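Participant: Here you go, one structure.
The values are calculated or read from the model by the stated rules, or taken from the named source; none is laboratory data. Just so we're clear, the structure is a prediction, and the values are computed from it rather than from any experiment. We place every Cβ from the backbone using ideal geometry, glycine too, and count neighbours over all the protein chains shown. These accessible areas exclude ligands, DNA and RNA; they are computed on the full protein's heavy atoms, side chains included. Shrake-Rupley method; radii C 1.70, N 1.55, O 1.52, S 1.80 Å.
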Amino acid sequence: RRLPVASSRRCVRVRSMILNEPGPAVGSGPLELEERLAPVPGPGEVVIEVSVCAVCRTDLQLATGDLPARRRPIVPGHQIVGRVVDRNEDVDPARHPIGARVGVAWIASTCGACRHCTTGRENLCPDARFTGWDCDGGFAELVSVRADFTYALPESMSDLHVAPLLCGGTIGYRSLKVAGVDL
């Protein structure tokens, strides 16, 4: 279904797959379909209409309890592809225009100031928060995320093909970059 424009979306209910309690990954459990109010972007955030969210082993570990939940209920999913449909007034419209195709990965935010963040190793930030673990992820129609942790995506790849690259692909890319391999 097509969602209403940003100004009229505030009272719209959207579908999300919620993890209330971990359990076996058989049948329909442990995720439950729930309707929630559409997210409103907070400071520095954009709302993305999710087109695709790939499933990662980490999502399965969270759902089954192999990885303890940091927050419940939570919407899992951190390999998100979608389009910006709303943004907070403090987000630069030139960098995050409505309709822009973006991706969201595992790291949802970092402090930006610690020795890890200032040396390009933000994945080690002690204040890092993670998509689908600390904050709601992409197993939903809409998700609100920090704008500075979205990635512009080329139109040349299909949503289905680019989504898995937002986890395993980024890990491989980063490994090569850190190792000094000329990309």
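Participant: Conditions first: (1) in contact with a His (Cβ under 6 Å, 6 or more places away or on another chain); (2) small (Gly, Ala, Ser); (3) open to solvent by 30 Å² or more (accessible area, probe 1.4 Å). ALA179 passes all but one, so which condition is the exception?
Facilitator: Of the numbered conditions (1) in contact with a His (Cβ under 6 Å, 6 or more places away or on another chain); (2) small (Gly, Ala, Ser); (3) open to solvent by 30 Å² or more (accessible area, probe 1.4 Å), the odd one out for ALA179 is (1).
Participant: Also: Quick one: count up the residues across the range 54-75 that are part of a loop (DSSP other than H, G, I, E, B) and among the hydrophobic types (A, V, I, L, M, F, W, C). Reasoning before the result, please.
Facilitator: Going through the range 54-75, the residues part of a loop (DSSP other than H, G, I, E, B) turn out to be 55-56, 65-73, 75.
Now restrict to residues that are among the hydrophobic types (A, V, I, L, M, F, W, C): 55-56, 67, 69, 75.
So the answer is 5.
Participant: Further question on the same structure: What's the number of the condition ASP59 fails, among (1) open to solvent by less than 20 Å² (accessible area, probe 1.4 Å); (2) farther than 18 Å from LEU166 by Cβ; (3) acidic (Asp, Glu)?
Facilitator: Of the numbered conditions (1) open to solvent by less than 20 Å² (accessible area, probe 1.4 Å); (2) farther than 18 Å from LEU166 by Cβ; (3) acidic (Asp, Glu), the odd one out for ASP59 is (2).
Participant: Among (1) open to solvent by 50 Å² or more (accessible area, probe 1.4 Å); (2) within 17 Å of CYS135 (Cα to Cα), which single condition is GLU49 missing?
Facilitator: (1)
Participant: Can you run down the residue pairs with Cβ atoms below 8 Å, 6 or more apart or on separate chains, where the first is in the range 30-42 and more than 30 Å from ASP92 (Cβ to Cβ) and the partner is among the small types (Gly, Ala, Ser)?
Facilitator: Correct list of pairs: PRO30/GLY23; PRO30/ALA63; LEU31/ALA63; LEU33/SER16; GLU34/SER16; GLU35/SER16.
Participant: Report, ordered by the first and then the second residue, all pairs with beta carbons closer than 7 Å, sequence separation of six or more or different chains, a first member in the range 96-120 that is among the charged types (D, E, K, R), and a second member that is exposed (fewer than 14 other Cβ atoms within 10 Å of the Cβ) and modelled with pLDDT under 95.
Facilitator: Every condition considered, the pairs that remain are ARG101/GLU155.
Participant: Same structure, new question: Go through the range 92-124 and give me each residue that's assigned to a loop (DSSP other than H, G, I, E, B) and buried (at least 19 other Cβ atoms within 10 Å of the Cβ).
Facilitator: If the condition is that a residue be assigned to a loop (DSSP other than H, G, I, E, B) and buried (at least 19 other Cβ atoms within 10 Å of the Cβ), then HIS96, ALA105, TRP106, THR110 are the ones that fit.
Participant: Would you check which residues across the range 138-183 are β-branched (Val, Ile, Thr) and either over 30 Å from PRO73 (Cβ atoms) or modelled with pLDDT of 90 or more (or both) and list them?
Facilitator: Within the range 138-183, VAL143, VAL145, THR150, VAL162, VAL178, VAL181 qualify.
Participant: Criterion first (in contact with a helix residue (DSSP H, G or I) (Cβ under 7 Å, 6 or more places away or on another chain), open to solvent by 10 Å² or more (accessible area, probe 1.4 Å) and aliphatic (A, V, I, L, M)) does VAL85 satisfy it?
Facilitator: yes
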